Amino acid sequence: MINNNDNIDTITKFLDDVRKLGNQLSITRDEQKVVLAEMLSLKKDGKINTEEYLQLDTRSKDLQAILDKYSPIFNERMKWIKDINAKHAKKK
């Protein structure tokens, strides 16, 4: 019985971690959109050689690196969950 509770706790933690990662990626994507919009505005005004533009460019690259690193992990884990759900649905 203890082993079953350990499994439930492990699964619950895994699902919670996947949910949290998805939320963080969503926040990061939203921030990336804001940064890119600000960069586009500065570019339209011919201000690409400013400190502000350079800071935004660095921030954009940092955000993209986060997305590039963690999106595949999230997508893989979501695929696992979908595969398990599909197998469970077939059993019913």
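Any idea what the dipole of the chain comes to, in debye rounded to 20, about its Cα centre with Lys/Arg Cβ at +1 and Asp/Glu Cβ at -1?
700 debye
Taking each pair of distinct Cα atoms in the chain once, what is the resulting Kirkwood hydrodynamic radius in Å?
For the chain, inverting the mean 1/r across all distinct Cα pairs yields 16.1 Å.
State the percentage of accessible surface on the chain attributable to carbon and sulfur atoms; use a 1.4 Å probe and exclude ligands, DNA and RNA.
Here carbon and sulfur together make up 57 percent of the probe-accessible area.
How far apart, in nm, are two points set 7 Å out from the Cα along the Cα-to-Cβ line at Asn75 and at His88?
Between Asn75 and His88, the simple spin-label model gives 2.4 nm.
Straight-line reach from Lys79: which aspartates and glutamates have Cα under 19 Å away, leaving out those fewer than 8 places along the same chain?
Partners found: Asp16, Asp17, Asp68.
As a quick test, which of the pairs Lys13/Lys87; Lys13/Lys82; Lys61/Lys82 have an alpha carbon distance above 27 angstrom in this structure?
Lys61/Lys82, as the Cα separations exceed 27 Å there.
What is the sum of charges, Lys and Arg at +1 and Asp and Glu at -1, for the other residues whose Cβ falls under 13 Å from the Cβ of Asn49?
So the environment of Asn49 carries a net charge of -2.
Taking only protein heavy atoms into account and a 1.4 Å probe, give the accessible area per residue of the chain in Å².
80 Å²
Counting only helical runs of four or more DSSP H residues, what would the 222 nm mean residue ellipticity of the chain come to if each run contributes -39,500 (n - 2.57) and the total is spread over all its residues?
-34000 deg cm²/dmol
The values are calculated or read from the model by the stated rules, or taken from the named source; none is laboratory data. Predicted model only: the values in this text are computed from it and were never measured. No Cβ is skipped: glycine too gets one built from the backbone with ideal geometry, and neighbour counts run over all protein chains shown. Accessible surface areas use protein heavy atoms only, side chains included; no ligands, DNA or RNA. Shrake-Rupley method; radii C 1.70, N 1.55, O 1.52, S 1.80 Å.
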